[in-house]
Amino acid sequence: MTRTRLGAVLVGSALLAASAVVRTQEVTFSSKVEVVRVDVLVTDKGQPVHGLGRSDFEIKDNGVDQQIDLVSFDQIPLNVILAFDMSDSVAGDRLERLRTAGDAILGALSTRDQSALVTFSHAVRLGAPLTTDVSRVRTALSRATGTGSTSLIDGAYAGIQIGESDAGRALLIVFSDGLDTSSWLGADKVLDAAKRSDVVAYAVAVRSPAKPEFLRDLTSFTGGRLFEVEKAEKLEAIFVSILEEFRQRYLVSYTPRGVAREGWHKLDVRVKRGGTIKARPGYQS
Amino acid sequence: MPRSTSNSRARRLVGAAALLWLAYSVAALAADDPNARVLRLERWLKATVRHEPGTRDDSSREVAAWSYADLRVLRFDEIVIAKLLHHPGASIRVASQRDIPAYTAWQVGRLRDLAEAYATENGHNRLLVRGALLHGDIAMTNPATGALESGNDGIRVQSIDGEAVGLDASPIHWQMARLLFDAARPESDAVARRWYIATAAWMQSREQHDTTHLRHAREMFPNDAVLQFLSGCQQETYAGPEIQATAKTAVLPAGYHLDIESESAALRDAETFLRRALMLDPAMTEARIRLGHVLLARGRPQDAAETLRAADTANEPTELQYFHAMFLGQAEESLGRVEQARESYTRASTLFPRAQSPYLALGALATRRGERATALKETQRLFDLPAAAVEIDEPWWSYRVMQARNADALLAALFSAPIQ
């Protein structure tokens, strides 16, 4: 937000405006069935618990026991959506580390997984739509540059919507290092969208004077996790650990019965044999 | 100024520096050389006469180069000479003021000679106004204020993304200009009013926030609608996340404090100022639009909707029509009037087809309604925006400086008019 930064923004705008090539990208949206899906991480003494089946889980929807239709583990391809802060503060070394971390997570995807890139400074842009072509996302990430202010909340909303655009299992990874200064949307609206979504959001926030309250709420409401780091040096390891953790999650699905359709549904997920559960606390319908 | 033609350049001022100025804290100042003191005053008088208002010329450069300590003494001497210009026979208080040494008999005599000479040649009020314009020009054209040192009356905080990244001395020239305009009252009130409006707008356009400047302006001109409007805009900005975060986290030297209230208090003050602006000038549509936004932020969508519905934006700049549509949409949405909200957001998107906020708003509205396909369609429209165009065509990103879009024009008009 210095005058120097203003100059950089203006120069960037002028160059972009002068470009004769205008690039648009497409996202293909598909419909979704009325089934509730809950991503559940089960751990015992910090270690993921494997080998659980349908009969091992119990789910209450607004206090009403539900019949679980399906429990999947490591079977459904992932849709990994990267929503990265590309504001001024990310420029330089931090951007390089973010690119490296992004490359690492893309490199850890299977051929069936899809990935997408959303970048946000003041503008929200689709760097690459959901695709199994990792190189396309890598290229978009390599071209992204840090400039401008921060529309974190708008960017997170766009990431959620990409997750909602495909029936696959969506993991949203948000990275930001600053205060939201230019979003149009309020946090309440985007959190509402998150509660209505099956997307699980993980977030990495570089510590700053601004507390990452929005990211804390976003990850909490979606059953994800917030990582607060002092510097961007450990981004690569954190990003890979997020993917590894997500792969350890069970996808539990059921068709709601005996509950009102509208409103907030409080979820209570349990494993009969015990263990620590991490799942979204509910959903909005 | 709220009704003037929009300036597209203002919309590009995303990310300008936010400089917060502080209330006073007086500290010690070393004594000055007696002869140098009067000589400096004489040089200032010459610079004042020679300076071309609105420019950075040799005269302004000379005065800008003086140290903070020298300027503090000069500030005192200017008030004395102003008094003598009005009343050549007036007594001069020879006792020292705080750390500024008392005048010697020779200095008193020289001050009287200078006052007599300059009053005869220039007219006393015109000289004071020229002096005020000189100091104001230095404050605007010499952004460097020097390192923070013991004795600064004020400091300013520079912030980036809500984080304080630097402290330096606040430009004493603004205060010197205000004192000279005070001394030229009431004869020069017309030019003073225009100067306050233009300079307050200039500060807001550069995101250099000075609470004192507008407070003093309101004290001088309590019934000026534009000053009330700018005060409301200032408090609205103070309530924003960036200024609030800066105010909470800035580590200041002992004895200083930031003149920034909490978010809720700033919004309350913003509402008060904007309502007063509208009371003084009910046709000030921009104040009505801003008031609507403030009321939304205060959690009063019904009041906001009524305020915004009463705004006639037909002849306003397109950016204001856009803000009006977006804020009204937000108010209608909060009141559960979905179709009206959708209509408002759509109108905004028609005004600025390459702005991203209407698509975000329409998408989020659809999401809340459970209209998934519509939400995804609006998101697709957002992603379809050409990357280059969206950079320059989103009024929301410059909302915080939009009210000051004609600051440079106001200054140009001020400087081109003859000084009375």
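The values are calculated or read from the model by the stated rules, or taken from the named source; none is laboratory data. Not measured: the values here are computed from a predicted model. When we count neighbours, we look across all protein chains shown, and the Cβ atoms used for this are built from the backbone with ideal geometry, even at glycine. Accessible surface areas use protein heavy atoms only, side chains included; no ligands, DNA or RNA. Shrake-Rupley method; radii C 1.70, N 1.55, O 1.52, S 1.80 Å.
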- [ ] Report the FRET efficiency, 1/(1 + (r/R0)^6), for A:Asp93 and A:Asn62, where r is their Cβ-Cβ distance and R0 is 51 Å, rounded to 0.05.
- [x] 0.60
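Highest mean first, what order results for B:113-119, A:171-177, B:154-160 on Cβ atoms within 10 Å? It would help to have the intermediate numbers written out before the result.
Numbers: B:113-119: 16.9, A:171-177: 26.9, B:154-160: 22.0.
Peptide ranking by packing, descending: A:171-177, B:154-160, B:113-119.
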Open item on the list: Taking amide H atoms as placed 1.01 Å from N in the peptide plane, list the residues 5 or more away in sequence, or in a different chain, whose amide H sits under 5 Å from that of A:Leu70.
Closed with: A:Ser253
Task: Amide H partners (placed H, <5 Å) of A:Val80, local residues excluded - done: A:Gln114, A:Ser115, A:Ala116, A:Leu171
TODO: Working from Cα positions, state the angle (0 to 90°, nearest 10) between the long axis of helix B:318-334 and the longest principal axis of chain B.
DONE: 60 degrees
Task: Cβ-Cβ FRET estimate between B:Asn35 and B:Arg215, R0 fixed at 35 Å, reported to 0.05 - done: 0.40
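If you count the DSSP beta bridges with both ends in chain A, what percent of them are antiparallel, to the nearest 5?
Working: 31 of 55 bridges.
Of the beta bridges lying entirely in chain A, close to 55 percent run antiparallel.
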- [ ] Determine ³J(HN,Hα), in whole Hz, for all residues of segment A:105-117 in sequence, where each value follows from phi through the Karplus function 6.51 cos²θ - 1.76 cosθ + 1.60 and θ = phi - 60°; x replaces Gly and Pro.
- [x] 6, 5, x, 8, 7, 7, 5, 8, 6, 10, 9, 8, 10
Task: Pair B:Arg112, B:Val49: separation of 7 Å Cα→Cβ label points (nm) - done: 2.1 nm
Open item on the list: Using a loss threshold of 50 Å², tell me which positions in segment A:125-163 are less accessible in the complex than in their chain alone. Probe radius 1.4 Å, ligands and nucleic acids ignored.
Closed with: A:Arg125, A:Tyr157, A:Gln161
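Can you give the mean number of other chain Cβ atoms that lie within 10 Å of the Cβ atoms in peptide B:245-252? Kindly include the intermediate steps, with their values, before the conclusion.
Details: counts 7, 4, 0, 3, 3, 1, 0, 0.
The shielding value for this peptide is 2.
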Open item on the list: Under the 0.36 nm per residue contour assumption, what length would be gained going from the current alpha-carbon distance of B:Asp57 and B:Val165 to full extension?
Closed with: 35.8 nm
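Counting Lys +1, Arg +1, Asp -1, Glu -1, what net charge surrounds B:Arg298 among other residues with beta carbon under 13 Å of its beta carbon? Write down the numbers at each step before the final one.
Details: positive: B:Arg268, B:Arg275, B:Arg290, B:Arg300; negative: B:Glu236, B:Glu263, B:Asp269, B:Glu271, B:Asp303.
Result for the local shell: -1.
Share of chain A's accessible area from carbon and sulfur, percent, 1.4 Å?
Values: 5750 of 11760 Å².
Answer for chain A is 49 percent, counting heavy atoms of protein chains only.
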Task: Distance (nanometres) between label positions extended 7 Å along Cα→Cβ at A:Glu34 and B:Ala283 - done: 5.7 nm
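Given R₀ = 51 Å, what would the calculated FRET efficiency be for B:Ile100 paired with B:Ser264, taking r from the Cβ atoms and rounding to 0.05? Show your work: numbers first, answer last.
Numbers: r = 41 Å, r/R0 = 0.81.
Efficiency, from the Cβ-Cβ distance: 0.80.
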Open item on the list: Please list, ordered by chain and number, the residues whose modelled amide H lies under 5 Å from the amide H of B:His209; skip anything fewer than 5 residues away on the same chain.
Closed with: B:Leu19, B:Leu20, B:Trp21
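By the scheme Lys and Arg +1, Asp and Glu -1, what is the net charge of all other residues having a beta-carbon under 10 Å from that of A:Trp184?
Numbers: positive: A:Lys189; negative: A:Asp154, B:Glu394.
After counting each charged neighbour, the total is -1.
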Open item on the list: Quick check: from the Cα gyration tensor, does chain A come out rounded (a/c under 1.5), prolate or oblate?
Closed with: prolate
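With Cβ to Cβ distances under 9 Å as the rule, what net charge do the other residues near B:Ser357 carry (K, R +1; D, E -1)?
Working: positive: none; negative: A:Asp154, B:Glu394.
Net of charged neighbours comes to -2.
Mind running the shape call on segment A:155-285? Use the C-alpha gyration tensor, a ≥ b ≥ c as the square roots of the eigenvalues: rounded below 1.5 for a/c, prolate if a/b tops b/c, oblate otherwise. Show your work: numbers first, answer last.
Numbers: a/c = 1.97, a/b = 1.34, b/c = 1.47.
In terms of gyration-tensor shape, oblate.
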Task: Karplus-derived 3J(HN,Hα), 6.51/-1.76/1.60, for each residue of segment B:59-71, Hz, glycine and proline x - done: 5, 5, 5, 5, 5, 5, 7, 6, 6, 4, 5, 4, 5
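Once a ≥ b ≥ c are taken as the square roots of the eigenvalues of the Cα gyration tensor of segment B:150-196, is the result rounded (a/c under 1.5), prolate (a/b larger than b/c) or oblate (a/b not larger than b/c)?
Values: a/c = 6.25, a/b = 2.18, b/c = 2.86.
Oblate shape, in that a/c is at least 1.5 and b/c is the bigger or equal ratio.
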Open item on the list: Just to be sure I understand the model, the point goes 7 Å from the Cα along the line to the Cβ. What's the resulting B:Ala190 to B:Ala409 distance in nm?
Closed with: 2.2 nm
- [ ] Give the accessible surface of the protein assembly as shown per residue, rounded to a whole number of Å², with probe radius 1.4 Å and ligands, DNA and RNA excluded.
- [x] 39 Å²
Task: Average other protein chain Cβ within 10 Å of Cβ, residues A:88-94 - done: 1
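Starting from the Cα-Cα distance between B:Ala65 and B:Thr141, subtract it from 0.36 nm times their residue separation and give me the gain in nm to one decimal. Mind dumping the intermediate values first?
Working: separation 76, 0.36 × 76 = 27.36 nm, distance 1.22 nm.
Gain in length upon complete extension: 26.1 nm.
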Open item on the list: With equal scatterers on the alpha carbons only and no solvent term, can you work out the Debye log10 of I(q)/I(0) for chain B at 0.07, 0.09 1/Å?
Closed with: -0.40, -0.62
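Taking the inverse of the average 1/r across all pairs of different Cα atoms in segment A:209-285, what Kirkwood radius in Å do you get? Let's see the in-between values first.
Numbers: mean 1/r = 0.0659 Å⁻¹.
That comes to 15.2 Å for segment A:209-285.
Taking beta carbons within 10 Å but only from partner chains, what does the mean come to for residues B:154-167?
Working: counts 0, 0, 0, 0, 3, 4, 9, 15, 9, 7, 1, 2, 1, 0.
Mean shielding count: 4.
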Task: HN-Hα J in Hz across segment B:166-179 - Karplus 6.51, -1.76, 1.60, θ = phi - 60°, x for Gly and Pro - done: x, 10, 8, 6, 6, x, 5, 4, 4, 5, 5, 4, 4, 4
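Can you tell me the length gained on complete extension of the stretch B:Asp312 to B:Ser416, counting 0.36 nm per residue apart and subtracting the Cα distance? Before the final figure, lay out the partial values.
On the way: separation 104, 0.36 × 104 = 37.44 nm, distance 3.28 nm.
Working it through step by step, the gained length comes to 34.2 nm.
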Task: Residues in segment B:362-403 reached by a label modelled at A:Glu262 [backbone nitrogen below 18 Å; 7 Å Cα→Cβ] - done: B:365-372
